[in-house]
Each structure stands twice: as C-alpha cells, then as structure tokens.
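Here the structure comes first, spelled out in structure tokens, and everything after it is commentary.
The values are calculated or read from the model by the stated rules, or taken from the named source; none is laboratory data. Quick caveat, the model's predicted, so the values are computed rather than measured. Note that each Cβ is placed from the backbone with ideal geometry, even for glycine, and that neighbours are counted across all protein chains shown.
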C-alpha cells in the first residue's frame with residue numbers, strides 16, 4: 001500500500017500553491033481535482049470579470065500576464081492556473097472525483113468514484129468557498145413553467161430573449177448577470193441586506209491596493225476593523241452599481257420574501273410576474289463526502305484558521321479563514337503558509353506518535 005505524506009483536494013489557486021509548497025519540501029503528495037485545472041473559472045458566466053486587478057491575481061513564482069492595472073476575465077484566470085500547474089510541474093490527478101474522505105487509524109482514506117482508494121498521512125481541503133449555490137426553500141413554490149437557474153449560469157444565451165427575469169441576490173455575480181441580461185431581457189434585481197458598493201478603482205488605483213496599503217486587507221478576522229468589514233460586506237461593483245444598472249434598464253427592488261406560481265413578492269410589498277428566476281443568493285459548502293467526526297456541522301466546516309478538530313486535516317481557501325484576503329488569490333500565500341506550518345508540525349510529531 002502506497003502511503004502519501006499529503007493529499008490535496010481541489011486544484012484551484014489554493015490547491016495549486018499548497019501542492020507547490022509540498023513539492024518544495026520534497027514530500028510525496030497528490031493534488032486531486034474533479035475536473036481539469038482552471039475549469040472552476042472556465043465554467044463561469046461568459047464575459048465575467050474579476051473584481052481584483054491582475055497585479056493581485058498572481059501566485060508566487062509566476063506573474064499574471066497582461067496589464068497589471070486591468071481586470072482579468074474568468075477565462076484568463078482559468079488559463080493562468082493551467083499555466084501555473086504546467087510551469088511548476090505539479091503532481092495532479094485531474095477528473096478525479098472524491099466520493100468519501102474518512103480515517104482508519106493513523107491514516108486518511110480517500111475513496112474515488114472510479115473505485116480507487118488513496119491513503120495519506122494528512123489532507124488539505126482546498127475545494128473553495130463557492131461550492132454549491134444556495135437555493136431558498138421558497139423557490140419550491142414557483143410554477144414548473146418558471147425556469148430556475150443559479151449563479152453558475154455559464155451563458156446568458158441560456159435565458160430566452162425577451163423573458164421577464166428576476167435575479168435574486170446583489171453580489172458581484174448577480175450584478176454582472178443582471179447587467180448582461182439587460183441587453184436581451186426585462187430584468188429586475190432583487191437585493192438583500194444593504195451593503196457598500198464601492199468602485200473597483202479609487203484615485204486611479206485598484207480598491208484592493210488601498211485596502212492593502214491601509215493594512216485592512218490582511219487584518220486578522222477578529223480585529224475591530226475586520227469585524228466592521230464583515231458586517232458591512234461591501235462588494236466592488238465597477239459598472240454594475242445601482243445607478244449604472246438602472247441606466248441599463250434594470251429594475252431594482254428589495255429582498256424576495258415569497259414565491260407563488262409565476263410571481264415573486266418583495267419586502268416593500270411589490271410583486272413581479274416572471275418567466276425566469278436566477279438565484280444568486282450565496283453558496284453553501286458541499287460536505288457530504290467528509291466522513292470525519294467533529295469537522296462539519298449545519299453551517300459547513302468547523303475550523304480555526306484552517307486547522308480542524310481532526311488532527312492532520314486542514315482547510316484553505318475559505319471566506320474569512322484568517323482575514324478579508326482569504327478568499328482572494330492575493331490571500332493564498334498567507335493562509336497556505338500558515339497551514340503548512342501546522343501540517344509540518346503534525347507530520348513530524350503527532351503523525352510519528354500515531355505510527
């Protein structure tokens with residue numbers, strides 16, 4: 001039986017850099033991904049643009065190509081991750097679906113959908129924050145005649161032209177979808193909690209340049225400034241703020257509180273007859289494949305700064321794992337370096353003791 005030092009699950013930006021660190025340490029590892037490297041970005045809405053500029057989209061060791069001040073498309077991000085994996089010659093198993101992660105004695109057992117089993121002393125879960133779109137229960141009250149889609153919509157061509165569309169959720173994705181559809185359909189954007197909508201650039205510089213300069217971006221999640229940021233939950237929205245969306249013809253209403261037949265009802269008492277509803281109301285974790293005690297609950301993963309209650313099982317790439325930058329490419333190095341320190345300690349002490 002071949003026993004690996006570590007298995008990394010999920011070949012996004014965090015998984016790739018984790019694999020690179022393991023490679024540099026000379027550890028025997030495998031990086032698994034259910035699709036191909038970059039596909040998580042390649043499948044996003046055609047034309048979608050990131051809200052961080054290229055200067056903040058690089059992983060250590062490979063510069064992101066193009067204008068550093070410009071904002072890359074999702075396809076560019078996919079191509080970059082693929083290029084990084086190739087340039088670093090990482091040990092990746094693509095189209096490799098994990099059905100279950102469990103533990104037997106001192107080892108982790110990774111059961112794959114093709115019947116294979118891999119064994120490792122440690123695991124890093126880098127499957128990311130945006131795993132499964134949240135669809136509220138009220139959606140079940142919509143008529144079968146209403147087409148229901150979610151934030152993973154690959155193309156606006158999937159929405160019949162001329163449709164009455166309500167996009168539920170006013171994050172960056174929901175706003176880009178509403179703006180794109182305004183060219184072909186009658187669009188209403190149903191917003192949730194009030195949040196700041198700052199521009200992508202302030203005084204000619206990326207907003208995140210300022211947040212980094214001011215020490216806000218990497219401030220610990222328990223700090224006062226981070227708590228304020230979490231509460232306000234601002235989203236840089238470039239050309240998709242409320243004013244610009246209205247100019248595009250998008251009707252903006254309050255929270256959706258009820259669905260009935262082919263109608264949506266809003267908090268302010270208004271209602272809208274719909275042909276299509278696109279749910280962009282956030283994401284939830286897919287944890288059904290994790291058969292480890294005390295590591296998941298109804299809210300998803302249980303951890304402190306990426307360290308779970310299960311010794312040897314670590315997490316990276318979560319929202320607010322340590323700071324605001326955690327879910328961004330620019331936060332990868334900080335969080336991965338932290339869990340690598342913990343992983344090194346585990347392999348050199350606890351793992352040896354268990355053996």
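Key figures
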| read-out | value |
| --- | --- |
| Among (1) on the phi < 0 side of the Ramachandran plot; (2) assigned by TED's automatic domain parsing to the domain that holds residue 263; (3) surrounded by fewer than 18 Cβ atoms within 10 Å (Cβ to Cβ); (4) touching a strand residue (DSSP E or B) at 6+ places or on another chain (Cβ under 9 Å) - the single one residue 162 does not satisfy | (1) |
| Filtered residues of the stretch 147-156 (kept if in a loop (DSSP other than H, G, I, E, B), over 12 Å from the mean Cα position of the chain (by Cα) and under 21 Å from residue 285 (Cβ atoms)) | 153 |
| Criterion (part of a strand (DSSP E or B), crowded, with 20+ Cβ neighbours inside 10 Å and assigned by TED's automatic domain parsing to the domain that holds residue 120) met by exactly one of 22, 16, 31 | 31 |
| In the stretch 48-57, the residues that are within 16 Å of residue 208 (Cβ to Cβ), in contact with a helix residue (DSSP H, G or I) (Cβ under 7 Å, 6 or more places away or on another chain) and assigned to a loop (DSSP other than H, G, I, E, B) | 50, 51, 52, 57 |
| Some residue of the stretch 330-351 being surrounded by 19 or more Cβ atoms within 10 Å (Cβ to Cβ), in contact with a strand residue (DSSP E or B) (Cβ under 8 Å, 6 or more places away or on another chain) and in a loop (DSSP other than H, G, I, E, B) | no |
| Selection within the stretch 114-145 - exposed (fewer than 13 other Cβ atoms within 10 Å of the Cβ), in the same structural domain as residue 349 (by TED's automatic domain parsing) and in contact with a strand residue (DSSP E or B) (Cβ under 6 Å, 6 or more places away or on another chain) | 117 |
| Filter result for residue 81 (touching a residue at least 24 places away in the same chain (Cβ under 8 Å), more than 27 Å from residue 309 (Cβ to Cβ) and either more than 18 Å from the chain's Cα centre (by Cα) or in a loop (DSSP other than H, G, I, E, B) (or both)) | no |
| Residue 78 vs. criteria within 22 Å of residue 18 (Cα to Cα) and in contact with a helix residue (DSSP H, G or I) (Cβ under 6 Å, 6 or more places away or on another chain) | yes |
